[in-house]
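Quick one: the structure is below, and I'll ask about it shortly.
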Amino acid sequence: MRKPLIVGNWKMNNTLQESLSLIEGLISNRLSVDRDFVVCPPYTVLSLAGKLLKETKIQLGAQNMHFEEKGAYTGEVSALMLKELDVSYVIIGHSERRKFFGETDLQISKKIFTALNNELLPIMCVGESLAQREGDYHHRIIKKQLVEGLKLVDSSRASDVTVAYEPVWAIGTGKTATSEQANDMLGFIRTILINLYGESMAENIRILYGGSVNSSNVDELMIQPEIDGVLVGGASLKSDEFLKIMTYSDRG
Ligand code: PGA
């Protein structure tokens, strides 16, 4: 059985102090042992966040990393540097990285490879634009992103990857994919993973939905059979709201 995974992506938000208060707010609550929780603060917060999160139910994630192990890459951060700070997960190929920083499927495949080699768990993001969905070729786009992004991952490592389906038109727009749209696409992603890795291995890979998830729509999303968790941006920036998401369906 795949354990539900709730991930908060704080993007380029929050000062150090704001992030630490947010973490304090989250860890002061009792959290289900049957779910995994991850927060992905900015790099500048990782070191102290790692200390605060030690021995808690919440794991630490980074928002990006470089695909080389080390070298002359000014401004970049390596997998080993993240590992040193108790980072467990790393978001790879977020649509904002693809759009604003020109990240390609090839770079994403190398990042995933390097993350796994350094015992970091990659959360690989895929998603189509509005034009691609309206043009009805969103399945083709998602398949290409998956096949190319995962091309360096063999089946022995595949279950360490999490895939996050985040339609670009739903990110930060308040426009969520309907739970049926999300469920359908996640089912499609699962069939591609089965083709790549075989049924028993693909059944272990978690697939998340992301894009305007909040405390009002999370229950509806999480009851969908294909949805193993959510990747949350804006709504993860306030501890009350994010806690409601983390405790979906068992809020009394
Ligand atoms: P959002 O962002 O929840 O603010 O739409 C999700 C994401 O980009 O991961």
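The values are calculated or read from the model by the stated rules, or taken from the named source; none is laboratory data. No experiment lies behind these values; they were computed from the predicted model shown. Neighbour counts run over all protein chains shown; Cβ positions are idealised from the backbone, glycine included.
Could you run through region 195-222 and say how many residues are outside any loop (DSSP other than H, G, I, E, B) and either farther than 21 Å from Gly93 by Cα or free of Cβ contacts under 8 Å to residues at least 60 places away in the same chain (or both)?
14
Each row is one residue, and each column tells you yes or no for (1) under 17 Å from Leu237 (Cα atoms); (2) β-branched (Val, Ile, Thr).
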residue: Met1; (1), (2): no, no
residue: Val7; (1), (2): yes, yes
residue: Glu18; (1), (2): yes, no
residue: Asp36; (1), (2): no, no
residue: Val45; (1), (2): yes, yes
residue: Lys51; (1), (2): no, no
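If you check Ile245 against the conditions, is it within 15 Å of the ligand (Cβ to nearest atom) and either in contact with a Leu (Cβ under 9 Å, 6 or more places away or on another chain) or in a loop (DSSP other than H, G, I, E, B) (or both)?
Against the criterion (within 15 Å of the ligand (Cβ to nearest atom) and either in contact with a Leu (Cβ under 9 Å, 6 or more places away or on another chain) or in a loop (DSSP other than H, G, I, E, B) (or both)), Ile245 does not qualify.
Separate question: Scan Lys51, Lys11, Lys3, Lys70 and give me the residue that is over 28 Å from Ile227 (Cα atoms) and either part of a loop (DSSP other than H, G, I, E, B) or of a type in the set (A, V, I, L, M, F, W, C) (or both).
Lys70
Right, another one. With respect to His94, determine if the residue is touching a Cys at 6+ places or on another chain (Cβ under 8 Å), in contact (Cβ under 8 Å) with a residue 12 or more places away in the chain and within 30 Å of Thr176 (Cβ to Cβ).
yes
Identify the residue in region 212-228 that is within 14 Å of the chain's Cα centre (by Cα) and within 12 Å of the ligand (Cβ to nearest atom) and, among all such residues, is surrounded by the most Cβ atoms within 10 Å (Cβ to Cβ).
Filtering region 212-228 for residues that are within 14 Å of the chain's Cα centre (by Cα) and within 12 Å of the ligand (Cβ to nearest atom), the one surrounded by the most Cβ atoms within 10 Å (Cβ to Cβ) comes out as Val213.
Another one. Across region 99-131, which residue is nearest to Thr176 (Cα to Cα) among those that are without any contact (Cβ under 8 Å) to a residue 24 or more places away in the chain and either assigned to a loop (DSSP other than H, G, I, E, B) or within 16 Å of the ligand (Cβ to nearest atom) (or both)?
In this case the residue turns out to be Phe100.
Across region 71-113, what is the total count of residues that are on the phi > 0 side of the Ramachandran plot and over 16 Å from the mean Cα position of the chain (by Cα)?
4
Okay, next question. How do the pairs read when you match residues in region 1-30 that are more than 16 Å from the ligand (Cβ to nearest atom) with residues anywhere that are basic (Lys, Arg), using Cβ under 7 Å and keeping only pairs 6 or more apart or on different chains?
Arg2/Arg206; Lys3/Arg35; Pro4/Arg35
From the set of residues in region 55-70 that are at pLDDT 95 or above and over 20 Å from the mean Cα position of the chain (by Cα), which is farthest from Met124 (Cα to Cα)?
So the residue we want is Lys70.
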